[in-house]
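Structure, as structure tokens:
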Amino acid sequence: MLDISKIRAITLDLDDTLWPIWPTIERAEKALTTWLGQQAPGAAAVFADPHARLEVRKHVARTQPDIAHDLSALRRESIRLALHRADEDTGLAEPAFEIFFAERMRVELFHDARPALAFLAARFPLVALSNGNADVGRVGLGEFFVAGLSASEFGVGKPDPRIFHAAAASAGVAADAVLHVGDDAALDVLGGLGAGMQTVWVNRTEHLWTHDVYPHETVATLSELCDLLQAVPVRP
């Protein structure tokens, strides 16, 4: 059970917590393949084939483990490798990535996300905490957050406690004064608990909990999270 009196800040996961990620990625993949089809058809054929695309990505992650945490770098280097294998201009990797990334920022929020963010931001400093590469400013939610940390920028991702502690520091509070909210049982809940935070599991699809330790609360929507925090007054 949550101890609401201890919460001084909230860290929030992004992908699949505020918006569904796979429709966004599918649109971005399509935009990338279409653009490459006009500029580099050999590389486009790789990205049009899910198996070939995955093989390229795995090769990059295996041969460049130092960027395995950085989804932007993985994507960029995967494009570069596909261009190289097709004997096409590897200088196209950067503009191709920008095509993908611009579409990746066009997210479609869950219906409860914006009202919940407004509610929460009125009561707590909010910090975005993601292993993905979304930018809350570019997706149109920057007004609600005091800071944002991603694995790409920080150098390690969830469930490493260091990124949780850095997020707490960016809000100006200790880790045990933070409530972390996210959809991933291992990365968000176990990671947050391991960092000394209270946690809320956002379980929109009725997954079963399979771990030995439990979140402080489970909600099906962000509206339910707001209901849990209804007694918290608006900040002056």
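Residue-by-condition table, conditions (1) assigned to a helix (DSSP H, G or I); (2) touching a Phe, Trp or Tyr at 6+ places or on another chain (Cβ under 8 Å):
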residue: L74; (1), (2): yes, no
residue: A82; (1), (2): yes, yes
residue: E94; (1), (2): yes, no
residue: V107; (1), (2): no, yes
residue: P115; (1), (2): yes, no
residue: F124; (1), (2): no, no
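Of all the residues that make up the stretch 195-223, how many are within 21 Å of the chain's Cα centre (by Cα) and surrounded by 15 or more Cβ atoms within 10 Å (Cβ to Cβ)? Count: 17.
Of all residue pairs spaced 6 or more apart or on separate chains, none has beta-carbon atoms under 9 Å together with a first member in the stretch 129-142 that is in contact (Cβ under 8 Å) with a residue 12 or more places away in the chain and of a type in the set (D, E) and a second member that is part of a loop (DSSP other than H, G, I, E, B) and buried (at least 20 other Cβ atoms within 10 Å of the Cβ). Cβ separations smaller than 8 Å between residues 6+ apart or across chains give the following pairs from the stretch 161-177 residues that are assigned by TED's automatic domain parsing to the domain that holds Q198 to residues that are surrounded by fewer than 17 Cβ atoms within 10 Å (Cβ to Cβ) and charged (D, E, K, R): A171/R8; V173/R8; D176/K6; A177/K6; A177/R8.
To keep it simple, each residue is scored yes or no on (1) out of contact with any strand residue (DSSP E or B) (no Cβ under 9 Å at 6 or more places or on another chain); (2) of a type in the set (A, V, I, L, M, F, W, C); (3) surrounded by 17 or more Cβ atoms within 10 Å (Cβ to Cβ); (4) at pLDDT 95 or above.
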residue	(1), (2), (3), (4)
D3	no, no, no, yes
G37	yes, no, no, yes
G42	yes, no, no, yes
H51	yes, no, no, no
V56	yes, yes, yes, yes
V60	yes, yes, yes, yes
R80	yes, no, yes, yes
L92	yes, yes, yes, yes
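With the structure loaded, tell me whether E153 is at pLDDT 95 or above and either surrounded by fewer than 18 Cβ atoms within 10 Å (Cβ to Cβ) or among the hydroxyl-bearing types (S, T, Y) (or both) or whether it fails that test. When the stated conditions are applied, E153 does not pass them.
Give the residue that is farthest from A134 (Cα to Cα), with candidates limited to residues of the stretch 14-51 that are out of contact with any Lys or Arg (no Cβ under 6 Å at 6 or more places or on another chain) and among the aromatic types (F, W, Y). Only one residue tops the list, namely W35.
The values are calculated or read from the model by the stated rules, or taken from the named source; none is laboratory data. These figures come from a predicted structure and were not determined experimentally. FYI the Cβ positions are ideal-geometry reconstructions off the backbone, even for glycines, and counts take in every protein chain you see.
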